[in-house]
Structure formats: structure tokens, C-alpha cells
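These notes are about the structure you will find just below.
The values are calculated or read from the model by the stated rules, or taken from the named source; none is laboratory data. Please read these numbers as outputs of a predicted model, since none were measured by experiment. Virtual Cβ from ideal backbone geometry, glycine too; neighbours counted across all protein chains shown.
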There are 2 protein chains.
Amino acid sequence: MSERKPRADAVRNREAVLAAADRLFARSDSPEHVTMADIAAEAGVGKGTLFRGFGDRTRLIQALFETRLEPIRRAVTEGPYPLGPGTPPEERAPALLDALLCFKLDHRHLSLALEETGTGSPYGAGHYDWWHTTLRGVLEELPGFGGSGFAAHALLAAVRADLIDHLVDSRGTSRERLRAELAAFTAKVLS
Amino acid sequence: MSERKPRADAVRNREAVLAAADRLFARSDSPEHVTMADIAAEAGVGKGTLFRGFGDRTRLIQALFETRLEPIRRAVTEGPYPLGPGTPPEERAPALLDALLCFKLDHRHLSLALEETGTGSPYGAGHYDWWHTTLRGVLEELPGFGGSGFAAHALLAAVRADLIDHLVDSRGTSRERLRAELAAFTAKVLS
DNA sequence: GCATAAGCGGACCGTCGGTCCGTATTGTTG
DNA sequence: CAACAATACGGACCGACGGTCCGCTTATGC
């Protein structure tokens, strides 16, 4: 039962690795080209340290993603108006999706890396279940709204990292344009 | 300009490879565990033959997918009522999505393989553009329906192979249940 | 300080996509 | 049918990458 306090250098290295990975993903155009060896080198540690600290590539990316997502998660569970629990569902659902879209725009390559790592799907990656449960909960508060489980999946699929990346990268869609289109689509679904 | 007629054995081997790949993907639980060497062995040819005939793994999977999808593509472009061009848009859009869903259910592992190969996304894989263009065209025929470009992307995202796989595999959702939920969601969007 | 457990790092391994080239097959021409 | 060129075959080989292992280093508790 006793929690062992981790050594100071281990903590320092963990931070260094996360920071290094963030930098590398942000820099590179294709997340699969960021190798574990690259991350280790950028962080100034050995490869063994990466795997000791995170287990494998998937969990390293998940840990990084989780860290960066934390603020939004808190804003949703205990924050104020647009995202927080006090908001009426017909406003909160679009706000959730918009926040998620913006996050994926701000961390495009990281999100892309997360979604194409492991089995290649975001499902079962911890944070996905949380988003799905949360969004479905909001949709269920809407009177007469059926099939909220699938609808939540479908709405989340509309902001998947590779779709966003495709629209931004090869279609050159602007941030604001995307947000507007997502809002319009969400409105259709909620109507 | 002259098209060179391919040798007979080359044609035979090409078929053997496609058939072998189909079998292996159908059999295995995780498409990434089907290696090029496996496919070559199953087809009874050397690895070199695979790469000569298809270029790389991505294109092999695309070729296989394309082949299997052909019938549906024809049904959409020149077939009768539910899918064909004569259908009114408010019926055709759901029919398209239902057909795509059924196809992905019938070829789950192959679809999964396709979507997680290459950059890890289905976008830019030829057939995606075709589906998107087609669906958007149908949506645009609906009076007063705006943002059809994004809506088409979002609707297609709702039937992505890994989502379907997730719902069927770990949620145990039945085929008919899924079809009904997709239909309900589509109806919401079209309303 | 000293003992010891925790952590470190990079050589090493297995696997996989992809290449290369000597050999075998096809089909064409007289 | 013989002989030759064009085409295709196949599997040894290569480089890259994720992940492991183990002898060495270093923080921490006494």
C-alpha cells in the first residue's frame, strides 16, 4: 500500500522527455517520423529511460496528450459558463466540440500521433471514453433526443485529428472556417 | 502511348496475391499483424513479386479494397433505386451511408487495414475523395442545406472502420442496431 | 560516509517493409 | 521448333524502428 517516493532525477527526466516529445511532434510534419530514439536524444537521456518511464511509445504519447488536455478537462468538469456543468445542454454540446476542435488545431501533430498509434484508433485510449461519456451525458439532457450514444460517437468522429489535418493541410481551410462549419453541423444534429 | 500486354503468369499471380491477402485479412484479428511476407507465402509467390506488382503495402491494400468496392461503386453510379442516381436526395443520402456501413461490416478487417495504413488516415486514398464528392453532391440537391462539404466529411467519419470495429468488437453492437442508429443519426442531420 | 535500492544508457535483438540481382519463364520471330 | 529478348520471379539482403537487457552510476536513508 505504501507509495514509494520517486527519485528526483527520475522526475526531472520524465519532464524532460515530455517536453522533448512535445517539441519534436510540433516540429515534424509526420508524427510517425518521430522515433523513440529521436525523443531520447532530444531529451538528453538514453532510450532505456524512455521505456522505463512510460512503458512503450503508445503510453508515452498518451501521457503527453493527457497532460496537455488537463486544463480543458478541468474547464469541462468544474469550470465556468461555456464549458462547465452549469451550462444548458444546447449550448454546452457545441462548446465541448468547439473546445476539442481548437485543442486539436493547437496540437495537431500530437493529436495525430495519438490517434494513429497503437491499434491505430483513438478508441480505448482513456480520454476517448471520457469525452464520449461526457458528451452523451449532455445530449441526454436534451428533451426528445434519442440515440445519444451513437450521436456522441459520430460528433466526436467529426473532429478526428486526421480529418482536421486533412482539411487544414491539403484543403487549406482556416481555423475560423472550420469552427464555423463544425458549429453549423452540430446545430443540424441538435435541431 | 502503346499499352504493353502483361504476361500471363503476372496476371495469375496478381489474382493469387489479392485472394491471399483477402483471406489473411479476414482471418486475422489485427490487420497490422498481416505482414507482406505472410501474404507472399499464402499466395505461394516470393516477396519480390508483391512489391513488383503493387509497389508497396499501402497500394496493395488499396488495390484490394478498390476491387471489392467496385460493385457498390457501380450500384451508386448507374444502379437502380435505392443507391442509383434516380433516387431523390433525402432517400439516397441515407442509402449511401447504409451501403458503406454494410460494406465495412462485411469487410471489417480489410477496411481497418486500409484506414490505418500509410499516413494512418483514409484521406487521399482515392476512394475517399469519390465518396466525399458523391455524398456532397447528393446533399447539395437538398433545398436549403448549407455546409454540405463539411457535413459529407462528418457523415463519412461516422462510418469509419475503426469506430465500427470498436462498436462491434468491444461494445458488441449488432449489425441491425448499428444500421438503425446510423439511419437515425443521418435523419437528424438531414432534418 | 556507506550500503543499497532505484535509475541510467546504449549495445543489442527481432521484426518488418522494401530492394536487388541472378535465374526462370513467356512469347515472338524466322 | 529453335533461339533470343523481354519480362517476371524469388528469396537473400538491407536499414529502420520499437523494445529489452544488464553492467554501471547516483540519489537517498541510516
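Values as computed for the structure displayed
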item: First in the range A:57-77 and under 24 Å from A:ALA95 (Cα atoms) and modelled with pLDDT of 95 or more, second anywhere and among the acidic types (Asp, Glu) and surrounded by 15 or more Cβ atoms within 10 Å (Cβ to Cβ), Cβ under 7 Å, 6 or more apart; result: A:LEU64/A:ASP22
item: Test for A:SER170: is it polar (S, T, N, Q), surrounded by fewer than 20 Cβ atoms within 10 Å (Cβ to Cβ) and out of contact with any Lys or Arg (no Cβ under 9 Å at 6 or more places or on another chain); result: yes
item: Residue list for the range B:106-155, filter: among the hydrophobic types (A, V, I, L, M, F, W, C), surrounded by fewer than 19 Cβ atoms within 10 Å (Cβ to Cβ) and touching a helix residue (DSSP H, G or I) at 6+ places or on another chain (Cβ under 7 Å); result: B:LEU142, B:PHE145
item: Members of the range B:125-170 found to be under 14 Å from the mean Cα position of the chain (by Cα) and charged (D, E, K, R), listed by number; result: B:ASP129, B:ARG160, B:ASP162, B:ASP165
item: Residue under evaluation B:SER30, criteria (1) more than 14 Å from every other protein chain (Cβ to nearest Cβ); (2) surrounded by fewer than 18 Cβ atoms within 10 Å (Cβ to Cβ); (3) more than 8 Å from DNA strand C (Cβ to nearest atom); (4) among the small types (Gly, Ala, Ser), criterion not met; result: (1)
item: Count of the range A:1-27 residues which are within 17 Å of A:GLU115 (Cα to Cα) and either within 7 Å of DNA strand C (Cβ to nearest atom) or buried (at least 16 other Cβ atoms within 10 Å of the Cβ) (or both); result: 4
item: Tally, over the range A:33-46, of residues that are without any contact (Cβ under 8 Å) to a residue 12 or more places away in the chain, assigned to a helix (DSSP H, G or I) and more than 10 Å from DNA strand C (Cβ to nearest atom); result: 1
item: Only listed residue being of a type in the set (Ser, Thr, Tyr) and touching a residue at least 24 places away in the same chain (Cβ under 8 Å), chosen from A:THR119, A:THR87, A:THR49; result: A:THR49
item: Breaking point among (1) farther than 21 Å from A:GLY126 by Cβ; (2) surrounded by fewer than 16 Cβ atoms within 10 Å (Cβ to Cβ), for A:THR58; result: (1)
item: For A:THR87: the one exception among (1) β-branched (Val, Ile, Thr); (2) buried (at least 20 other Cβ atoms within 10 Å of the Cβ); (3) more than 13 Å from DNA strand C (Cβ to nearest atom); result: (2)
item: Only one of A:ARG73, A:ARG68, A:ARG57 that is within 13 Å of DNA strand C (Cβ to nearest atom) and among the charged types (D, E, K, R); result: A:ARG57
item: Of the criteria (1) out of contact with any Gly (no Cβ under 7 Å at 6 or more places or on another chain); (2) more than 9 Å from DNA strand C (Cβ to nearest atom), which one B:GLU78 fails; result: (1)
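Residues are listed down the side, and each one gets a yes or a no for (1) within 11 Å of DNA strand D (Cβ to nearest atom); (2) in contact with a Lys or Arg (Cβ under 9 Å, 6 or more places away or on another chain):
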position	(1), (2)
A:ARG12	yes, no
A:ASP22	no, yes
A:ALA37	yes, yes
A:GLY46	yes, no
A:PHE54	yes, yes
